[in-house]
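Asker: Pasting a structure here, questions to come.
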Amino acid sequence: MEKEDWRFHAIGALGTGLGMLATTEKLSQRHLSFGLPSAPALYLSLARAAHAKRVAIDVDACFIEHPSPQGTYPENHRLLFDFFETVMAEVIFSFTAIEAFANESIPPSFVYSWKNAKEVKQLARPDIERLVQLDEKLKRVLPEAYGIKSPAGTKIWQEFKTLKAVRDRLVHMKSVDRRASGPEHQTIWGVMLAHRPMDFPSVAHRVIGAYEALVKDRRWFTSQD
């Protein structure tokens with residue numbers, strides 16, 4: 001097992017060999033079969049790769065102090081833009097790893113009473129995946145489905161809220177992010193610079209790990225501890 005990739009959705013000993021969940025896909029005239037990957041694992045892997053690239057960039061060294069009144073700015077923006085790219089990837093992939101975990105963890109037969117502004121609807125799994133926001137899935141759906149404690153109100157939950165806030169700013173950019181602005185306005189670019197100390201893939205791993213009963217036997221999760 002040690003030689004097998006950690007990103008399998010499900011793999012384990014079966015008789016004298018290995019068994020895994022697999023799929024067969026038809027492409028043109030060929031049928032291709034392979035083991036199913038874990039979506040959360042793939043997104044976590046992408047997030048970790050982006051994080052490693054991001055922390056290798058010395059952002060402070062990008063900014064050069066020029067004589068007054070010119071200010072402090074880069075002579076060359078390449079590394080700074082590389083930094084922004086990697087933060088964007090790290091944040092979005094970390095958030096998506098959590099969402100993939102939440103969606104695949106909803107029991108197939110579970111029905112959720114979803115309250116919106118107008119009514120209460122009974123949602124089956126496909127509708128929960130499609131209609132319910134991730135924070136509600138984590139805070140209410142999974143705890144209700146499995147009879148486990150919600151992580152809401154914990155330090156891990158606050159880390160998730162930080163991740164979500166940055167992710168939301170990235171995927172729903174505002175007009176201030178696309179025009180010249182001064183220090184009186186906080187743009188998404190300033191948000192990313194301010195969150196340099198954060199390790200977002202580790203945040204995603206801790207959020208998923210808050211549901212220990214669901215992942216304690218999942219190889220893709222435990223191999224990343």
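The values are calculated or read from the model by the stated rules, or taken from the named source; none is laboratory data. All of these numbers come straight from a predicted model, not from anything done at the bench. Quick reminder, even Gly has a Cβ in these numbers, built from the backbone with ideal geometry, and neighbours come from all protein chains shown. Surface accessibility is based on the protein's heavy atoms, side chains included, excluding ligands, DNA and RNA. Shrake-Rupley method; radii C 1.70, N 1.55, O 1.52, S 1.80 Å.
Asker: Run through region 111-205 and list the GluC sites (Glu not before Pro) located in a DSSP loop whose Cβ has at most 12 other Cβ atoms within 10 Å.
Answerer: Sites meeting the loop and neighbour criteria: Glu119, Glu184.
Asker: Could you tell me which of rounded, prolate or oblate describes region 116-160, using a ≥ b ≥ c as the square roots of the eigenvalues of the alpha-carbon gyration tensor, with rounded for a/c under 1.5 and, failing that, prolate when a/b is larger than b/c and oblate otherwise?
Answerer: Prolate, since a/c reaches 1.5 and a/b exceeds b/c.
Asker: How many percent of Cα pairs in the chain exceed 34 Å?
Answerer: 29 percent
Asker: Mean separation of Cα pairs under 8 Å and 6+ residues apart, divided by the residue count of the chain: what relative contact order is that in percent?
Answerer: 21 percent
Asker: Take the alpha-carbon centre of region 6-76, take the same for region 151-175, and report the distance between them in whole Å.
Answerer: 20 Å
Asker: Could you pull out every whole DSSP H run in the chain that spans at least 18 Å of Cα extent along its own axis and averages 0.0 or higher on the Kyte-Doolittle scale?
Answerer: Both cut-offs are met by 39-55, 78-105.
Asker: May I pose another question? Rounded, prolate or oblate: pick one for region 50-108, where a ≥ b ≥ c are the square roots of the eigenvalues of its C-alpha gyration tensor, a/c under 1.5 means rounded, and failing that, prolate if a/b is larger than b/c, else oblate.
Answerer: prolate
Asker: So what does the Cα-only Debye profile of region 84-206 read at q = 0.13, 0.20, 0.22 Å⁻¹, as log10 I(q)/I(0), no solvent term?
Answerer: These q points yield log10 I(q)/I(0) values of -0.62, -1.11, -1.23.
Asker: Ignoring ligands, DNA and RNA, what accessible area per residue does the chain give at 1.4 Å, in Å²?
Answerer: Result: 59 Å² per residue.
Asker: What does the C-alpha gyration tensor say about the overall shape of region 16-147? Classify as rounded when a/c is under 1.5, otherwise prolate if a/b is larger than b/c, or oblate.
Answerer: Since a/c reaches 1.5 but b/c is at least a/b, the shape of region 16-147 is classed as oblate.
Asker: If you average 1/r across every pair of different Cα atoms in region 145-217 and take the reciprocal, what Kirkwood value do you get, in Å?
Answerer: Final number for the Kirkwood radius of region 145-217 is 14.3 Å.
Asker: Right, next: Where does the chain land at 222 nm, in deg cm²/dmol rounded to the nearest 500, when only DSSP H runs of n ≥ 4 count, each adding -39500 (n - 2.57), divided by all residues?
Answerer: The helix-only estimate for the chain comes to -13500 deg cm²/dmol at 222 nm.
Asker: Per Stokes-Einstein, at 10 °C and 1.306 mPa s, what whole-number D in µm² s⁻¹ belongs to region 75-117, with the Kirkwood radius over Cα pairs as the hydrodynamic radius?
Answerer: Value of D from the Cα-based Kirkwood radius: 117 µm²/s.
Asker: Quick check: with the 1.4 Å probe, what order do Asp58, Asp217, Asp135 take by accessible area, largest first?
Answerer: Final ranking, largest accessible area leading: Asp217, Asp58, Asp135.
Asker: Percent of accessible area on region 1-112 owned by carbon and sulfur, 1.4 Å probe?
Answerer: That share works out to 56 percent.
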